[in-house]
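Peer 1: What follows is a structure written as structure tokens; I'll ask about it next.
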């Protein structure tokens, strides 16, 4: 998959799967996959090959899909995934109101306040929107 870097130079893109040890506080495994891979099957395969447990997968918005979420849940892998802007989980009416009392709080990012709110989707899932 071709993409461009910060200098607008087009080059092949890759995804890097990195497994960190919470005990050792350092990476313990790396796997490079094609940049066009946007499903979690490679991550599930990697976790199963390692026999790793209590895993949290963190992925960008390209990894968020109903199929990927179901696969992560089926394999008992916790996850944090960015939502696409057109996600049905984002309540834009709340954002447009501009009423900060309807948000749960904020955090600082690059010296900027980022407001967020959380919504329960079901018994086992929660979405945090910022």
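Peer 1: Go through the range 28-37 and count every residue that is out of contact with any helix residue (DSSP H, G or I) (no Cβ under 8 Å at 6 or more places or on another chain), surrounded by 11 or more Cβ atoms within 10 Å (Cβ to Cβ) and free of Cβ contacts under 8 Å to residues at least 24 places away in the same chain.
Peer 2: Going through the range 28-37 one residue at a time, the tally reaches 2.
Peer 1: Please go through the range 61-82 and give me each residue that is touching a residue at least 24 places away in the same chain (Cβ under 8 Å), out of contact with any strand residue (DSSP E or B) (no Cβ under 7 Å at 6 or more places or on another chain) and part of a loop (DSSP other than H, G, I, E, B), ordered by number.
Peer 2: Hits for the range 61-82 are 65, 75.
Peer 1: Something else: Quick one: in the range 86-105, of everything that is part of a loop (DSSP other than H, G, I, E, B) and more than 21 Å from the chain's Cα centre (by Cα), which residue is nearest to residue 65 (Cα to Cα)?
Peer 2: So the residue we want is 103.
Peer 1: When residues of the range 40-60 are filtered for being assigned to a loop (DSSP other than H, G, I, E, B) and loosely packed, with under 13 Cβ neighbours inside 10 Å, how many remain?
Peer 2: Matching residues across the range 40-60 total 4.
Peer 1: Whether any residue in the range 86-104 is surrounded by fewer than 14 Cβ atoms within 10 Å (Cβ to Cβ) and in contact with a helix residue (DSSP H, G or I) (Cβ under 8 Å, 6 or more places away or on another chain) is what I want to check.
Peer 2: Yes; the residues of the range 86-104 include at least one that is surrounded by fewer than 14 Cβ atoms within 10 Å (Cβ to Cβ) and in contact with a helix residue (DSSP H, G or I) (Cβ under 8 Å, 6 or more places away or on another chain).
All of the numbers you see were taken from the coordinates with simple rules; none came from a lab. Worth saying up front: this structure is predicted, and the values here are computed from it rather than measured. A quick note on method: Cβ atoms are made from the backbone with ideal geometry, for glycine too, and the neighbour counts reach across all protein chains shown.
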